[in-house]
Amino acid sequence: MTKKRIVSGMRPTGRLHLGNLFGALANWKNLQDDYDCFFFVADWHALTSDYADTKDLRAYVKEMLIDWLSVGLSRDKATMFIQSHVKEHAELFVLLSTISPLPWLERNPTYKEQKAQIANRDLSTYGFLGYPVLQAADIIIYKADRVPVGIDQLPHVELTREIARRFNHFYGSLFPIPDPILTNIPKLLGIDGRKMSKSYNNALYLSDKPADIASKVSQMVTDPQRARRKDPGDPNVCNVFAFHKLFSKAETIQRVDAECRAAEIGCVECKKIMAERLAAFLAPIREKREYYENHQEEVADILREGTEKARAVARETMEEVRSAMKI
Ligand code: TRP
Ligand code: SF4
């Protein structure tokens with residue numbers, strides 16, 4: 001039986017942190033065993049919001065590929081490439097633009113929210129409004145069956161479905177209607193208790209060394225009610241405990257849970273245990289990262305292979321699209 005196809009992209013924003021890892025990448029890694037996966041670095045999408053300052057973009061694209069390989073995405077299982085290297089996405093984007101009603105784009109909740117929230121950039125641009133149409137092109141050009149995304153991207157996949165249906169209605173059934181796969185994301189906050197984000201300067205990176213980890217973890221915000229060592233704590237409201245749940249052994253988790261509530265363990269010790277587990281978790285990832293940093297030609301080769309595979313599929317779809325649209 002041929003495997004179902006998955007397509008997903010990630011915007012290059014620099015080195016990945018733990019929030020990114022558990023937000024999408026961990027899921028991608030699991031999916032590559034059961035699906036025919038196409039994963040790409042969405043550099044055109046990065047431009048739709050960060051168009052004014054592009055000096056780091058190329059470096060970020062490279063960092064991202066290295067991070068992907070370091071966590072275990074494999075060239076034998078997944079096709080990895082860079083969006084802008086497959087120009088067919090742009091052609092399909094133009095064609096889909098002609099059939100995408102403006103109100104569909106304007107009522108997109110993610111669009112409205114980001115436009116209101118992101119105050120330091122002018123997002124009243126054509127490119128930003130049209131971003132989901134480009135995303136639709138990214139997805140259907142490979143005739144994806146499934147699209148793994150976080151909840152914030154769900155409206156975009158919904159739009160993709162609507163656009164694909166509209167295409168099929170006008171020009172004949174060419175595209176499957178892709179289903180989203182919602183990623184179950186454990187809630188890992190940054191060391192200051194806000195959402196983990198590069199721009200907040202509160203993130204733990206996949207590339208962090210044990211010393212960075214120890215220092216960052218020691219600064220982590222804990223249960224705010226637990227002011228003194230003798231006060232009992234509530235692990236359920238503590239970000240350190242959320243990390244324990246991901247990285248520590250079951251017995252440690254149980255012990256921390258009980259001893260925190262009974263004020264039998266101090267936060268300093270609790271953090272130390274967690275930092276060690278986290279460092280152990282990240283060690284093999286960091287090692288692989290170093291390997292790929294020193295074997296850039298291998299990374300380039302993986303990319304070349306992925307681009308060729310993606311292009312071949314995209315070209316074939318575009319032949320069908322042009323023929324269906326009488327272009
Ligand atoms: N918009 C996605 C994000 O910001 C990235 C993306 C671009 C994507 N094209 C895609 C995700 C296609 C899934 C499928 O995270
Ligand atoms: Fe959080 Fe651990 Fe301190 Fe409890 S002991 S409040 S779980 S850091």
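The values are calculated or read from the model by the stated rules, or taken from the named source; none is laboratory data. Everything quoted here is computed from the prediction, not taken from an experiment. FYI the Cβ positions are ideal-geometry reconstructions off the backbone, even for glycines, and counts take in every protein chain you see. These area figures cover heavy atoms from the full protein model, side chains too; ligands, DNA and RNA do not enter into them. Shrake-Rupley method; radii C 1.70, N 1.55, O 1.52, S 1.80 Å.
For PRO176, indicate whether it is touching a residue at least 24 places away in the same chain (Cβ under 8 Å), within 16 Å of ligand 1 (Cβ to nearest atom) and in a strand (DSSP E or B). No, not satisfied. Condition check for ASN202 on (1) within 10 Å of ligand 2 (Cβ to nearest atom); (2) in a loop (DSSP other than H, G, I, E, B): one failure, at (1). For the stretch 265-280, residues that are buried (at least 16 other Cβ atoms within 10 Å of the Cβ) and either not in a helix (DSSP H, G or I) or not acidic (Asp, Glu) (or both) total 11. In the stretch 233-258, the residues that are in contact (Cβ under 8 Å) with a residue 40 or more places away in the chain and in the same structural domain as MET220 (by TED's automatic domain parsing) form Cβ pairs under 8 Å with partners that are more than 11 Å from ligand 2 (Cβ to nearest atom) and part of a helix (DSSP H, G or I), at six or more places apart or across chains, as follows: PHE243/LEU278; LEU246/PHE22. Looking only at the stretch 92-109, which residues are open to solvent by less than 40 Å² (accessible area, probe 1.4 Å), at pLDDT 95 or above and of a type in the set (S, T, N, Q)? Passing the criteria: only SER100.
The condition of being farther than 26 Å from CYS37 by Cα and more than 16 Å from ligand 1 (Cβ to nearest atom) holds for only one of GLU293, GLU308, GLU269, that being GLU269.
Per-residue answers, yes or no, for (1) under 28 Å from LEU65 (Cα atoms); (2) of a type in the set (Phe, Trp, Tyr); (3) under 15 Å from the mean Cα position of the chain (by Cα):
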| position | (1), (2), (3) |
| --- | --- |
| LEU123 | yes, no, no |
| PHE128 | yes, yes, no |
| LEU154 | yes, no, yes |
| ARG166 | no, no, no |
| HIS169 | no, no, no |
| SER207 | yes, no, no |
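When ARG11, ARG15, ARG58 are screened for being closer than 18 Å to VAL157 by Cα, open to solvent by 10 Å² or more (accessible area, probe 1.4 Å) and charged (D, E, K, R), only ARG11 passes. Within the stretch 208-239, the residues that satisfy the criterion of being buried (at least 19 other Cβ atoms within 10 Å of the Cβ), more than 9 Å from ligand 2 (Cβ to nearest atom) and of a type outside the set (D, E, K, R) are ILE213, VAL217.
Tallying residues that are touching a residue at least 24 places away in the same chain (Cβ under 8 Å) and away from ligand 1 (no atom under 16 Å from the Cβ) within the stretch 144-173 yields 5. Residues considered: LYS245, LYS195. Of these, the only one that is within 16 Å of ligand 1 (Cβ to nearest atom), open to solvent by 20 Å² or more (accessible area, probe 1.4 Å) and in contact with a helix residue (DSSP H, G or I) (Cβ under 9 Å, 6 or more places away or on another chain) is LYS195. State whether one or more residues within the stretch 18-38 are part of a loop (DSSP other than H, G, I, E, B), farther than 23 Å from LEU189 by Cα and not charged (D, E, K, R). Yes, the stretch 18-38 contains at least one residue that is part of a loop (DSSP other than H, G, I, E, B), farther than 23 Å from LEU189 by Cα and not charged (D, E, K, R).
Residues checked against (1) touching a residue at least 60 places away in the same chain (Cβ under 8 Å); (2) crowded, with 16+ Cβ neighbours inside 10 Å:
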| site | (1), (2) |
| --- | --- |
| PHE81 | yes, yes |
| ALA90 | no, no |
| TYR111 | no, yes |
| ALA116 | no, no |
| LEU134 | yes, yes |
